[in-house]
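Scroll down for the structure; my scribbles are underneath it.
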Amino acid sequence: MADSTAVEARDGAVPIAGRTPWQITRARLTRDKVTMVALGAAIFFILLALSAPLMIQAGWIDPYTAHSDLVGGLGSMPIGPAGGVSWAHPMGVEPGTGRDIFSRVIAGLTVSLIVATSAVLLSAVLGTVIGIISGTAGGRIDWFFSRVIDFVLSFPQTLMLIALSTIVIDALQAAMNTDRTAPSMVFMILVMGFFGWPYFARILRGQVLSLKEREFIEAANSLGASRTRIYFTELLPHLWAPILVYSTLIMPQNIATEAALGFLGVGIQPPTPSFGSILNDSVHYATSDPAYFMFPGITLFLVVLSFNLLGDGLRDALDPKADRQ
Amino acid sequence: MKRVKIVAGVATTLALGLALSACGGGGTGTGTTSAAPGGATGAGGTLYILSGTATEHWDPQRVYVGVNIEAGNRLFTRTLTTFGPVSKDGDQSTLVADAATDTGTASADGKTWKFTLKDGLKWQDGKPVTCEDFKYGISRTFAVDVITGGPNYAIQYLDIPKNADGSSKYAGPYKKTGQDLYDKAVMCDGNTITFKMAKPSGDFNMALTMTAFGAFREDQDQGDKSNFAIFSDGPYMLDGEWTTNKGGTFVRNPNWDPATDTTIRKAYPDKIVWDESLTQETLYERLIANQGDDQNAITFDQAPVTALANVATAEGRYSNVASPYTRYLTPNFKSKVFSNDKAREALALSTDRSAYVTAAGGDQVVKATNSLINPALPAFPNTPLLAGDKGDPAKAKAVLESAGLTLPVKINVAYRKNDTLDKVFAGLKTGWDAAGFQTNLIGIPAEQYYSTLQSPDSASKYDLYWAGWGADFPSASTVIPQLLDSRSQISAGGPGQDYGYFANDAFNAEIDKTAAITDGTAREKAWGQLDTEAVTKYYAVIPLINDQFLFVHGSNVDGAVVNTTFTGYYDLATASVKH
């Protein structure tokens, strides 16, 4: 019999080459223009956020220096059109202090993205571990973790954040012995990470439950593979897809939560800028200096939008049932 | 006074505006019903009061907030004396008789004061206001467990012995412990009321302008439940109930006799609607827009920073006057950093007040100062700024280096969190950090702010506090001892109003010496000197700015004049609406 893997070329037909799942995903992604743009934007924002501290050190952006000559009149409003826009201050200046809004938005982006990304990582790790254990163990352990998930999901996250903030941040500050910025960020990462893991755990548990019945798991089990090997070598490669997708979908939610906290006065303390505190202040000037709200608001919108679109696009690209060849 | 406490004595009379005061000025009431002055064309209409701040108390002995002192006195709580209305924003007003026949007679040694009540004073149910009603009202201040929130001048001034822990031996009219002691200090003889002072007190008749010295009917007293159960002896009474965060309506009190109130309350509007369901920003938008009923509206709320840019469009309808408030910093004498004299000096030298002024909205909103005492008071010493408007970080750094502390010196600074102060302190931080400090800003929410400062554990957490104070009445004896006399303020329960635990025996001795000076002018001057000493010699406080008030009123409102001597708000005594 002829070798079944060899395909004879006949009448100029092209041999079909096998493709790995990642190659299929990449092909789908590159075809989807909207998602590619979103990916580019997300990478751009992440790079911007990461380089902000360096830019501040180098003096390229300056979120802290007040320019009292750039504001004036009753209310210390920005001098110049659109909230004091100029070449030196492309997004205008802040009423009352004259601080550069462009610099503050970038610095705020750093804080927002660090907090959001770390919280997502924490949620993903915790959620994956618990989801896998719960899915594979079954029985009483599964029942227990499912109830824990239900319990945590029904907790009002924002209320807890507000109620616990002062006490926990004070304690963290005493332990870390720094100013309040780092403890505030740690607090938000811990709380958002803690309230985010059930979301992952549920989804991954579902995936694991369906994978568990597959033949390759049965085969691995019967060959005597250890638990660890099953988790990491057999199951995990099939779980990357949902982990990745839901991470990118939770990112914008975390960014928005951090902004909401800043808006409510909890969270990062001044003079460190954060999206929430900037938007909080700008809302009061809605009628007298709308540019002060528009610039940070649009920036936040674009950041959240790009992560949302990226997540959607990834989900479509990774979906094995989509046959868009 | 604390952040919102204003100069005492609020007479609530609604008078017609300047334009109409010429004609029919104040009716010659015959003591019958309907208090509308006959013939005055301004009588009538409904005045609206828009408020973004919930009223905490209307109970006269519990009122300590300027707005409620002004409204309470002018509408329904008459006092023995008060400060009369003025005709122009910012004019000085004089102490006049209100429920009494004159501003009182003091004995030669200043330890006894006598007042005679006017005839014809009536409560809203027609019963006469008696000397016993005043005596009872003042005694309620001593029930410190029930009647909370009000000023404690009665406890301080009257000659009633104190317990070892500083509390009065008289426990108020509910418990009646020590009632005989009170009866000896406040005596009624027909219409004459006599007060015995613990110390010679030349300005007692000014303290009487606070509603805490108003009359109260014993049979109407429900203790804590009387908080919003207004029972009036003034031109207006409450119609129905008062609802927190919504407000209430005031209608004419048919038993108020305008003949007993010729110099103060004009009482022109027929009705006053108080709406406290709004926010500062919304109500200012409405006042500036000036539509419909808002044309008949006034407010006691300050223009928020964010409305300032639009205020200019309300031509001829806004008042910009000095307020009685000073904002300042108190270093914590118990902290390691600020128990060091040179560290406090360095802080004072590097404080950038111009950043405060800009962040707050310009010098029409706040003005830099270096005195705790407000410029409106005769005692104002006008202490010159140590290092100019902007401070001198270089000079401060040199002083700090000589202090023997390792730079950068970490300091925890507490302030009341809001957007404006966030910006203010960002600016102050820049100046301090340039002088070698490492400033850590901690914004504390408004509801917990002063209680946090007054809690004993805060002494170990913070190095510097922001605070505000305004004189309760135009004597600096309501400023210096209230903030800097460790003996009356500091106790096991906390620092009182001496948030920084400043305790200096020499300074306290000088306070006593000053309080004993009988000549009013000389006494006020001496208070001013103590103020300068506290700021420049001990660095016990760092005064920052004086608030300026900015108010807008509707176009139909007349006679809304800001009375800077008496609380600093629109005086309801003279306000009216065109109709």
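The values are calculated or read from the model by the stated rules, or taken from the named source; none is laboratory data. Treat the numbers as computed from the prediction; the structure is a model and nothing was measured. Here the Cβ is made from the backbone with ideal geometry for all residues, glycine too, and neighbour counts use every protein chain on show.
A few notes on this one:
- B:T532 vs. criteria in contact (Cβ under 8 Å) with a residue 40 or more places away in the chain, surrounded by fewer than 17 Cβ atoms within 10 Å (Cβ to Cβ) and out of contact with any helix residue (DSSP H, G or I) (no Cβ under 8 Å at 6 or more places or on another chain): no
- Residues in the stretch B:394-414 that are more than 10 Å from every other protein chain (Cβ to nearest Cβ) and part of a strand (DSSP E or B): B:V409, B:I411, B:V413, B:A414.
- Members of the stretch A:66-78 that are surrounded by fewer than 24 Cβ atoms within 10 Å (Cβ to Cβ), assigned to a loop (DSSP other than H, G, I, E, B) and touching a helix residue (DSSP H, G or I) at 6+ places or on another chain (Cβ under 6 Å): A:L74
- When the stretch B:326-345 is filtered for residues that are among the polar types (S, T, N, Q) and more than 29 Å from the chain's Cα centre (by Cα), the ones remaining, listed by number, are B:S335, B:S339, B:N340.
- In the stretch B:347-371, the residues that are among the hydrophobic types (A, V, I, L, M, F, W, C), more than 14 Å from chain A (Cβ to nearest Cβ) and in contact with a Phe, Trp or Tyr (Cβ under 8 Å, 6 or more places away or on another chain): B:L347, B:A348
- Qualifying positions in the stretch A:257-274 - part of a loop (DSSP other than H, G, I, E, B) and in contact (Cβ under 8 Å) with a residue 40 or more places away in the chain: A:V266, A:G267, A:I268, A:Q269, A:P271, A:T272, A:P273, A:S274
- All conditions in (1) surrounded by fewer than 21 Cβ atoms within 10 Å (Cβ to Cβ); (2) in contact (Cβ under 8 Å) with a residue 12 or more places away in the chain; (3) of a type in the set (G, A, S) hold for A:S154, with the sole exception of (2).
- Residue check for A:H67: closer than 18 Å to A:D281 by Cβ and away from chain B (no Cβ under 14 Å): no
- B:S201, sole failed condition from (1) modelled with pLDDT of 95 or more; (2) of a type outside the set (A, V, I, L, M, F, W, C); (3) under 23 Å from the mean Cα position of the chain (by Cα); (4) under 22 Å from B:Q61 (Cα atoms): (1)
- Restricting the stretch A:80-95 to residues that are within 14 Å of another protein chain (Cβ to nearest Cβ) and at pLDDT 90 or above leaves a set whose member that is farthest from B:L421 (Cα to Cα) is A:V93.
- Single residue of B:G468, B:G494 found to be under 19 Å from B:V413 (Cα atoms), among the small types (G, A, S) and modelled with pLDDT of 90 or more: B:G468
- Selection over the stretch B:326-369 of residues that are farther than 25 Å from B:K461 by Cα and of a type in the set (S, T, N, Q) gives a count of 4.
- Scanning the stretch A:233-269 for residues that are surrounded by fewer than 20 Cβ atoms within 10 Å (Cβ to Cβ) and within 14 Å of chain B (Cβ to nearest Cβ) turns up A:F263, A:L264, A:G265.
- Scan of the stretch B:102-131 for residues that are β-branched (V, I, T) and either over 25 Å from the mean Cα position of the chain (by Cα) or loosely packed, with under 14 Cβ neighbours inside 10 Å (or both), ordered by number: B:T105, B:T112, B:T116, B:V129, B:T130
- Summed over the stretch B:94-110, the residues that are assigned to a loop (DSSP other than H, G, I, E, B), modelled with pLDDT of 90 or more, more than 25 Å from B:A376 (Cα to Cα) and not hydroxyl-bearing (S, T, Y) give a count of 1.
- Pairs where the first residue, in the stretch A:170-190, is within 12 Å of chain B (Cβ to nearest Cβ) and the second is of a type in the set (V, I, T), C-beta under 7 Å, 6+ apart: A:R180/A:I169; A:R180/B:I442; A:T181/A:I268; A:T181/A:T272; A:P183/A:I169; A:S184/A:I169; A:S184/A:I268
- Residues satisfying the criterion are absent from the stretch A:23-31 (criterion: within 14 Å of another protein chain (Cβ to nearest Cβ) and either charged (D, E, K, R) or part of a helix (DSSP H, G or I) (or both)).
- Residue match in the stretch A:122-142 (condition: modelled with pLDDT under 90, over 17 Å from A:F45 (Cβ atoms), within 14 Å of another protein chain (Cβ to nearest Cβ) and in a helix (DSSP H, G or I)): no
- Some residue of the stretch B:546-555 being without any contact (Cβ under 8 Å) to a residue 40 or more places away in the chain and closer than 30 Å to B:S458 by Cβ: no
- From the options A:A13, A:A27, residue that is small (G, A, S), surrounded by fewer than 11 Cβ atoms within 10 Å (Cβ to Cβ), modelled with pLDDT under 90 and farther than 30 Å from A:F293 by Cα: A:A13
- Qualifying positions in the stretch A:278-296 - without any contact (Cβ under 8 Å) to a residue 60 or more places away in the chain and at the interface with chain B (Cβ under 10 Å from one of its Cβ atoms): A:N280, A:S282, A:V283, A:H284, A:A286, A:T287
- Number of positions in the stretch B:536-579 that are among the β-branched types (V, I, T), more than 12 Å from B:Y318 (Cα to Cα) and assigned to a strand (DSSP E or B): 3
- Scoring A:D100 on the criteria (1) buried (at least 24 other Cβ atoms within 10 Å of the Cβ); (2) in contact with a helix residue (DSSP H, G or I) (Cβ under 6 Å, 6 or more places away or on another chain); (3) within 14 Å of another protein chain (Cβ to nearest Cβ) leaves a single failure, condition (2).
- Just so you know, in the stretch B:435-452 the residues that are modelled with pLDDT of 90 or more and more than 14 Å from chain A (Cβ to nearest Cβ) include one that is surrounded by the most Cβ atoms within 10 Å (Cβ to Cβ), and it is B:A435.
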